[in-house]
C-alpha cells in the first residue's frame, strides 16, 4: 500500500462521487478498498480537512509557561541537570516527568545533546547473499606433521 498525497486523496473522493467502484480506485492507486472507504467517510465527517495528511509522530504535550520559566530559572541559578530539577520540582508539588524537563532544557538550548539519548540503533542481521556462499573447514587433521598410527 502506498501513501497518498493531497492530490491523490482528492482524486479518490472525486472518482468515488462520479460512480467509480472502490475496487477499481483501489487497484489504480495501489491501496486497499478499506482505505478508500475510510477516506470517503473521513470526507463526509470532516469535509476539506480529509485531504490533508496527518502530521507524523506523537503530538507534544502543552506545558505551562510558568513551569517552563521556573525550570529555566533553576537551571541558570544553580546549574542543575534535568534529574535534580525534577527532584526540586517534585518537592514543590509539580508532577512532570524528567523527560519533559529535559525537553525544555534542550529547546531553550541550556544543555548539549547527549549521544546516549539519541534513540535506539537499528539492528541489522549479518547474512550472506547466497546460501552456501562460503565455507570454513578445519584442515589440521589432514596435514599434521606426525604420521597416523592406524
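All of the numbers you see were taken from the coordinates with simple rules; none came from a lab. Worth saying up front: this structure is predicted, and the values here are computed from it rather than measured. As a convention, Cβ positions derive from the backbone with ideal geometry for all residues, glycine included, and neighbour counts pool all protein chains shown.
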**Q.** Taking the stretch 6-51 and dividing mean pair separation by its residue count, relative contact order in percent (alpha carbons under 8 Å, at least six apart)
**A.** 39
Q: With no solvent and one equal point scatterer per Cα, compute the Debye intensity ratio I(q)/I(0) for the stretch 65-117 at 0.17, 0.23 Å⁻¹ and report its log10, rounded to two decimals.
A: -0.45, -0.83
**Q.** Quotient of C-alpha Rg and 2.2 N^0.38 Å, computed over the stretch 6-51
**A.** 1.00
Q: Which order do the peptides 81-94, 60-73 take when ranked by the mean count of other beta-carbon atoms within 10 Å per residue, highest first?
A: 81-94, 60-73
Q) Stretch residue 62-residue 87 to full length: gain in nm at 0.36 nm per residue minus the Cα-Cα span? A) 6.9 nm
Q: Return P(r) of the stretch 1-102 (all Cα-Cα pairs; 10 Å bins starting at 0; whole %; ordered from short to long distances).
A: 13, 31, 11, 11, 20, 13, 2
(Q) Neighbour counts of other C-beta atoms within 10 Å: give me 106, 79 arranged from fewest to most. (A) 79, 106
Q | Residues residue 77 and residue 11, FRET efficiency given R0 of 41 Å [Cβ-Cβ distance, rounded to 0.05] | A | 0.10
Q) If the label point is 7 Å along Cα→Cβ of residue 97, which residues in the stretch 38-61 have backbone nitrogen under 11 Å from it? A) 61
Q: For a footprinting-style exposure proxy, rank 103, 34 by other Cβ within 10 Å, fewest first.
A: 34, 103
